[in-house]
Amino acid sequence: MTIQKTIQNQTLTVMPEGRLDTITAPQLESELRSSLGGITELIFDLDKLVYISSAGLRVLLSAQKTMNKQGSMVLLNVRPEIMEILEITGFADILTIR
Amino acid sequence: MISIRNLSKSFDGKPVWENVNLTIEKGETVVIIGGSGGGKSTLLRCINRLVIPDSGEIVIDGQNILAPGTDINAVRRSMGMVYQHFNLFSHLSVLENIILAPMKVAGMSREDAVTEAKQLLARVGMSGREDADPKDLSGGQKQRVAIARTLAMHPDIILFDEPTSALDPTMVDEVEAVIRSLAEDGITGIIVTHDLRFARRIASRVVFLADQGICEEGTPEQIFDHPAKVQTQRFLYRSRMYERELTPDALDLYALASELRAFLHRYEFEKKQEKLLPVLCDELLYPVLKHSEVPAESACLRLLCSETSSRHTLMIGFRGIESDPLAEPYLDELNLTLLNNFAEFVFSRRKDDGWEVCIQM
């Protein structure tokens, strides 16, 4: 998986590409840990994400918890196969999806 | 009619098969199945003498084609052969591939050969592709052209050596339809394949080769649903089962998911079943085999596929764990929600050396 990050003012846009699973979730987790300081808006652009496992969902949930304290978080361009997972697990109700 | 009598063949002193006896009536579609190295292709190649058997007779319409002095070219003219890798001439167009033998071997005029080639292409559903380059065709289309090329010599018998093995599962159907139509026209077909789903659907009779001979033969229903011999039962069971030993240290989930997918693709399957495979890896195998405190020592994973339906089963035996793998500390709500969503049902049971999880896909 490759992760693209862009920071503009206090907005961080993260674009993971490929599969966010058991193997790759720790990579995203560590990227976020080092970049969320001072961020008030976190955007996940999921246009190129094709699969997500529970490990990936946990990273999103943990990011949401952090952002609850310091701003907002939103998921953009969610593909149908990812949306299916978010709906099954109830994450679609917890996360903001546009 | 083809009558094979007491045929034996060995390579380097090791018998491939001995005293094979087989009679094939005109218009039959006989499918030869068996394990790798069991001599299926060797038997097929004896029928057009690409391989010379050590002893025995092959009598075709009253003539022993193994007898000295046999005009083998005449015999081969009445017999076509279709190969796994199509063997089309890549420097010739589709049409040129088909008219070559009728003109060069049968002495047909170009005009007649072209007229007939067009009819044959229509017959295999390839009308309008006369000028196409073989390299621009899909595997299924290449194989249909190869069959049309064989038909151009008006064979009584066609030998097929793994005709669907190099094809995507989606292309097997189109080739199967063409082969079926040949039988309806009274052409005798002898097919070697390891694709048992294809074998079941296309065969009028199935011959199972094992233990250096014909172990069992019968209708597809007899062989696949009610095999009489233990060897046949064992072969069918094994060929429907994917089995892997997994250990925490050497767990390659991507490789595993892709092997499982490739195996599943040999059978009927639904999209949801394909989606289950990575979910299985992420939500069950990884949490149990890679648990930070009480990981399983190892696991035996089996995927058992059905020949007749898309109801397949996964069985994972986890060794060296004390508690239910479908509960804490291994799996939580989220793991189970995902697993249950993509599976028909999931359950676990205690075994002597650990726990087993069964998943109906």
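A few remarks follow.
- The stretch A:59-98, residues that are part of a loop (DSSP other than H, G, I, E, B) and polar (S, T, N, Q): A:Asn77, A:Thr89, A:Thr96
- Only one entry of A:Gly71, A:Gly18 meets the criterion of being over 30 Å from B:His291 (Cβ atoms) and small (Gly, Ala, Ser), and that entry is A:Gly71.
- Answer residue from the stretch B:79-114, given it is among the charged types (D, E, K, R) and over 12 Å from B:Val145 (Cα atoms) and is surrounded by the most Cβ atoms within 10 Å (Cβ to Cβ) among those: B:Asp112
- Looking only at residues in the stretch B:281-298 that are crowded, with 16+ Cβ neighbours inside 10 Å, of a type in the set (A, V, I, L, M) and touching a Pro at 6+ places or on another chain (Cβ under 9 Å), the one that is farthest from the other protein chains (Cβ to nearest Cβ) is B:Ala296.
- A search for C-beta distances below 8 Å between a residue of the stretch B:65-92 that is farther than 17 Å from B:Ala166 by Cα and touching a residue at least 60 places away in the same chain (Cβ under 8 Å) and any residue that is acidic (Asp, Glu) and in a loop (DSSP other than H, G, I, E, B), counting only pairs 6+ apart in sequence or on different chains, returns B:Ser78/B:Asp156; B:Met79/B:Asp156.
- Contact map, the stretch B:135-164: first residue more than 21 Å from B:Thr188 (Cα to Cα), second residue modelled with pLDDT under 95 and of a type in the set (Asp, Glu), Cβ cut-off under 6 Å, separation 6 or more or different chains; pairs are B:Gly140/B:Glu174.
- Restricted to the stretch A:45-60, and to residues there that are closer than 14 Å to A:Thr2 by Cα and surrounded by fewer than 22 Cβ atoms within 10 Å (Cβ to Cβ), the residue that is nearest to the other protein chains (Cβ to nearest Cβ) is A:Tyr51.
- Residues satisfying the stated conditions in the stretch B:234-261, i.e. of a type in the set (A, V, I, L, M) and farther than 20 Å from B:Ala299 by Cβ: B:Leu236
- From B:Leu280, B:Leu276, B:Leu285, B:Leu301, residue being within 20 Å of B:Phe235 (Cα to Cα) and either in contact (Cβ under 8 Å) with a residue 24 or more places away in the chain or of a type in the set (Gly, Ala, Ser) (or both): B:Leu301
- Residue list for the stretch B:247-258, filter: more than 17 Å from B:Met315 (Cα to Cα) and away from chain A (no Cβ under 11 Å): B:Pro248, B:Asp249, B:Ala250, B:Ala255, B:Ser258
- Applying the criterion of being away from every other protein chain (no Cβ under 12 Å) and outside any loop (DSSP other than H, G, I, E, B) to the residues of the stretch B:259-280, the residue that is surrounded by the fewest Cβ atoms within 10 Å (Cβ to Cβ) is B:Ala262.
- Within the stretch B:261-286, tally of residues that are among the hydrophobic types (A, V, I, L, M, F, W, C) and at pLDDT 95 or above: 7
The values are calculated or read from the model by the stated rules, or taken from the named source; none is laboratory data. In this text the structure is predicted, and so the values were computed from the model without any measurement. Positions of Cβ are generated from backbone atoms using ideal geometry, with glycine treated the same way; all protein chains shown enter the neighbour counts.
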